[in-house]
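Working notes, beginning with the structure itself.
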Amino acid sequence: MIYFDFAATTPLDSDVAEVFVQASTEFYGNSNSLHDIGGQSQDLLENCREELANLLGMNKKGLYFTSGGSEGNFLAIEALLSAPKKPGKHIIAGMAEHSSIHGVLNRLEGYTITFLPLNSSGLIDIEELEHSLTPETILVTVQHVNSEIGTIQPVERIARICQEYDIHFHSDFVQSFGKIDIKKVAPLVSSFSFSGHKIYGPKGIGGAYINPAISWRPFFPGGSHEKGFRPGTVNVPAIAAMTAAAQKIHTHLFESKDIFIALRAALMETLEPIKELVHIHQADPSSQLPSIIGLGISGIEGQWMMLECNRYGFAISTGSACQIGMQSPAKVTEALGLSLQEAKEFIRISFGKSTKREDVVKLGETIVDIVKRFKN
């Protein structure tokens with residue numbers, strides 16, 4: 001089986017696995033315990049916090065570790081709503097946000113929420129965002145990189161608008177963390193979330209950043225870990241492993257981009273025989289993560305194509321795994337204004353560090369063969 005679903009999750013890096021095992025066996029103390037063994041875990045925890053803060057270009061005082069991106073999104077938004085910059089009950093969100101964002105917004109009572117669609121290039125329209133602002137707007141939440149089509153949203157411009165109007169801005173960095181340089185945008189947002197298993201780290205670990213200037217209130221009462229941000233013993237071994245994964249992936253950030261651009265071009269070239277049936281949902285290269293390709297093939301349901309590819313030994317997907325579990329179309333298809341039929345045709349192909357050009361070509365050729373047989 002050749003894997004093309006790296007946007008969903010990644011295999012654990014062997015070096016990172018060694019760090020996890022070593023930390024689990026040597027730094028097993030509760031980081032809140034006052035004895036020396038607990039102190040060793042606490043020292044390792046704080047070293048990881050400082051290293052990640054340096055990599056991401058943020059103040060380590062605002063970094064909190066969570067169980068992953070979904071929890072990070074939930075707790076960050078709840079924290080921002082507990083300390084708005086001004087009175088109001090209006091929130092603006094991207095229509096194509098991750099299901100965890102929709103989950104926290106759907107549970108809120110007394111708030112008015114405006115959902116922004118994407119334009120034909122898969123990007124938020126800045127003018128439409130500005131027109132949606134009201135004196136009551138206290139929060140904007142827009143993901144940095146869309147997990148289904150890989151478009152990079154204009155986070156820097158959105159952040160400056162929010163600063164001008166005293167509005168908190170949360171951004172889901174789960175797909176951009178470890179894939180593009182976020183040092184420029186990280187200090188501009190009120191909060192962001194990230195996850196370890198998207199960058200060859202362990203599952204069940206991630207984090208959230210909240211600007212230390214914000215005096216948020218804990219969502220869970222009485223917690224003593226992570227300054228009350230979340231309850232439960234801190235998973236120091238997983239944090240150490242995620243930090244090692246982040247260090248490793250950041251050393252290859254720019255060369256990986258060039259590799260993925262070449263792999264993307266190879267797939268597009270291989271799909272040329274059916275190009276009249278294929279629609280790629282993408283932005284200009286400057287606003288596109290090259291490792292994620294969201295596309296539709298006219299007349300062929302994405303789920304059927306995914307199962308056929310699986311039968312031939314290729315693992316692709318029909319969108320975010322969190323959304324697939326709900327058996328509903330990827331949020332991005334609604335945000336793009338696709339019809340129900342077009343939404344059902346959506347598939348996602350995503351590359352990782354082990355992806356080879358010959359495998360990409362084989363996948364493309366297989367898709368072409370499947371389409372030709374289906375049409376005949």
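The values are calculated or read from the model by the stated rules, or taken from the named source; none is laboratory data. Not measured: the values here are computed from a predicted model. Quick reminder, even Gly has a Cβ in these numbers, built from the backbone with ideal geometry, and neighbours come from all protein chains shown. Quick note on the areas: whole protein, heavy atoms, side chains included, nothing else; ligands and nucleic acids left out. Shrake-Rupley method; radii C 1.70, N 1.55, O 1.52, S 1.80 Å.
The angle separating the long axis of helix 357-375 from the principal Cα axis of greatest extent in the chain is about 50 degrees. Note on the range 270-312 and the range 6-28: Cα centroid distance 32 Å, given to the nearest whole angstrom. In a fully extended conformation the segment linking Arg217 and Asp36 would gain 62.1 nm over its present Cα-Cα distance, using 0.36 nm per residue. Paramagnetic label reach from Asp125 (point 7 Å along Cα→Cβ; backbone nitrogen cut-off under 18 Å): within the range 87-106, residues 92-97. Overall size of the range 226-376 from C-alpha positions, given as principal axis extents largest first: 61, 35, 32 Å.
Rolling a 1.4 Å probe over the protein heavy atoms of the range 1-137, with every protein chain left in place, gives an accessible area that is 51 percent carbon and sulfur.
Using the 1.4 Å probe convention, the accessible area of the chain works out to 43 Å² per residue with neighbouring protein chains retained.
Scanning the chain for trypsin sites (Lys or Arg not before Pro) that sit in a DSSP loop and have at most 13 other Cβ atoms within 10 Å, the longest stretch containing none of them is 1-106. Here the Karplus relation 6.51 cos²θ - 1.76 cosθ + 1.60, evaluated at θ = phi - 60°, turns the backbone of the range 44-58 into coupling constants of 5, 4, 5, 5, 5, 4, 5, 5, 5, 4, 5, 5, 8, x, 9 Hz, with x for every Gly and Pro. Could you pull out every one of the aspartates and glutamates with an alpha carbon less than 18 Å from that of Lys372, ignoring same-chain neighbours closer than 8 positions? Within reach: Glu269, Glu272, Glu276, Glu301, Glu308, Glu345. Once the Cα atoms of helix 302-311 and of the chain are each reduced to a long axis, what angle between those two axes, in degrees from 0 to 90 to the nearest 10, is obtained? The two axes meet at around 80 degrees.
Rounded to the nearest 0.05, what FRET efficiency do Lys375 and Lys85 give with R0 = 45 Å and r taken as the Cβ-Cβ distance? Could you check? That pair, Lys375 with Lys85, gives E of 0.20. Summarising the overall dimensions of the range 260-349 from its C-alpha atoms, the Rg and Dmax are 12.9, 35 angstrom. Counting only lysines at least 8 places from Lys375 when in the same chain, those with an alpha carbon closer than 27 Å to its own are Lys275, Lys344, Lys362. Spin-label model, Glu276/Lys183: points 7 Å from Cα along the beta carbon direction are separated by 5.0 nm. So if I take the alpha carbon set of the chain, get Rg, then get Rh from the Kirkwood formula, what is the Rg over Rh ratio? That ratio is 0.98, to two decimals.
For the range 140-213, averaging the sequence separation of C-alpha pairs within contact (under 8 Å, six or more residues apart) and dividing by the residue count gives a relative contact order of 26 percent. For Met95, the residues whose modelled amide H falls within less than 5 Å of its own, excluding neighbours fewer than 5 places apart on the same chain, are Leu116.
Where both bridge residues fall in the range 1-142, DSSP classifies roughly 10% of the beta bridges as antiparallel.
Exposure check, 1.4 Å probe, all protein chains in place: Val16 carries approximately 0 Å² of accessible surface.
Could you work out the longest stretch of the chain that avoids the chymotrypsin sites (Phe, Trp or Tyr not before Pro) located in DSSP loops with at most 16 other Cβ atoms within 10 Å? The answer is 166-311.
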